[in-house]
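Chemist: Input: one structure, supplied below.
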Amino acid sequence: MHEGASPLYSFHITNLIVGACFLPIILLEKQPIAWHLLHQPILAGVAFFAGSWFTFIAIHRGDVSLVTPLMGSKVIFVALLAVLLSAQSPSTTLIFASLLSAIGIAVMGAKDFVHSRHAALTVSMALTSAAVFALCDVLVGKWAPGFGPMAFLTLSTVGLAAVSLTALISMAIKDRNWQPPALSRKWVIYSAFMVGGQAIGMGYILSTNADTTGINVVYGSRGLWAIVLIAAIGPMLGNRERQLAKNVFLYRLIGTLLLTSAIVLAVMAGKQG
């Protein structure tokens, strides 16, 4: 985006490549596909589509070091939705880990509301994305085993890729200059394949393991990775977030460490189980 790619272009190209990454997964399906439940992967795909869009808007509006850790709040929504939709009962340790995640989120955004007028929109978009992705995760965990896990993952992502392909064709017809500068296109493609790879890993574990709360607490470690990568190689990629006012980045770091503590608790809960 820094090099000129719009959120809309980045979003649709990413969906297209993610769909392509998932397409071969259906060949790994070992059980009969429950075609009469086709609405299930479609609904999960819609949730994934919406969650992705809110993510791109949040990153376009705010900093990666704020948005990525904030999306760790997905574990809170997963815990609530798991109880409502899947009749799961998270352990006391996992509930405490979720609450610790919430505290980390509050600390993380404390200074941003003071220093940035866009902070409220960024935080709300990131949290909305987390909530929608949480719904997607719960639906995958609940429906994929009965439908056929590999087929479920393929159909839910290929469907949104088809929607994005239609949108890209429409953009090309309406505007000859619809593509951003070549340098930005390169980064969009690189990152899209990374999104596809991690989506396959996350989708697979969610479709074969019922512990959506524990999985998502661990997945929240990407907030820590975001802080580490921005501090270590951010300037090489044109990211200047580590040069923010010291207190802002410090609060983000403290909040991220609280999220990491929640991850440790989740791992301990898994071993105890």
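Chemist: Using the Kirkwood formula over every pair of different C-alpha atoms, what hydrodynamic radius in Å results for the stretch 7-272?
Modeler: By the Kirkwood definition, the hydrodynamic radius is 19.2 Å.
Chemist: Picking from LEU66, LEU28, LEU160, which is most flexible by a Gaussian network model of the chain using Cα springs under 10 Å?
Modeler: So, out of LEU66, LEU28, LEU160, the one fluctuating most is LEU28.
Chemist: Pick out which of ALA199, ALA126, ALA102 has the largest mean-square fluctuation in a Gaussian network model of the chain, springs linking Cα atoms closer than 10 Å.
Modeler: Answer for the Gaussian network model of the chain: ALA199.
Chemist: Using the per-residue mean of other Cβ atoms lying within 10 Å as a proxy for protection, in what order, highest first, do the peptides 168-174, 186-192 fall?
Modeler: The most tightly packed comes first, giving 186-192, 168-174.
Chemist: Report Rg (one decimal) and Dmax (nearest whole number) for the stretch 141-262, counting Cα atoms only, units Å.
Modeler: Both quantities, over Cα of the stretch 141-262: 19.0, 50 Å.
Chemist: Let me ask something else about it. Which of THR68, THR157 has the fewest other C-beta atoms within 10 Å, and how do the rest follow up to the most?
Modeler: Going from sparsest to densest Cβ surroundings: THR68, THR157.
Chemist: Here is a further query. Normalised by the number of residues in the stretch 7-272, what is the relative contact order in percent for Cα pairs under 8 Å and 6+ residues apart?
Modeler: Taking the mean separation of contacting Cα pairs over the length of the stretch 7-272, I get 38 percent.
Chemist: Helices from the chain with mean Kyte-Doolittle at least -1.0 and a Cα length along the axis of 18 Å or more, per DSSP H: which?
Modeler: Sorted by number, the helices that extend far enough and score high enough are 7-22, 39-61, 92-109, 119-147, 149-174, 182-208, 246-272.
Chemist: Still on this structure, I have one more. Could you list HIS60, HIS2 in order of exposure, starting from the residue whose Cβ has the fewest other Cβ atoms within 10 Å?
Modeler: HIS2, HIS60
Chemist: Now a separate question. Where does each of ARG176, ARG222, ARG240 land when they are ranked from fewest to most other beta-carbon atoms within 10 angstrom?
Modeler: Listing ARG176, ARG222, ARG240 from fewest to most nearby Cβ atoms yields ARG176, ARG240, ARG222.
Laboratory data are not the source of any read-out in this text; all were calculated from the coordinates shown. In this text, all values refer to a predicted model and were calculated from it rather than measured experimentally. Cβ sites come from the backbone with ideal geometry, for glycine too, and all protein chains shown count toward neighbours.
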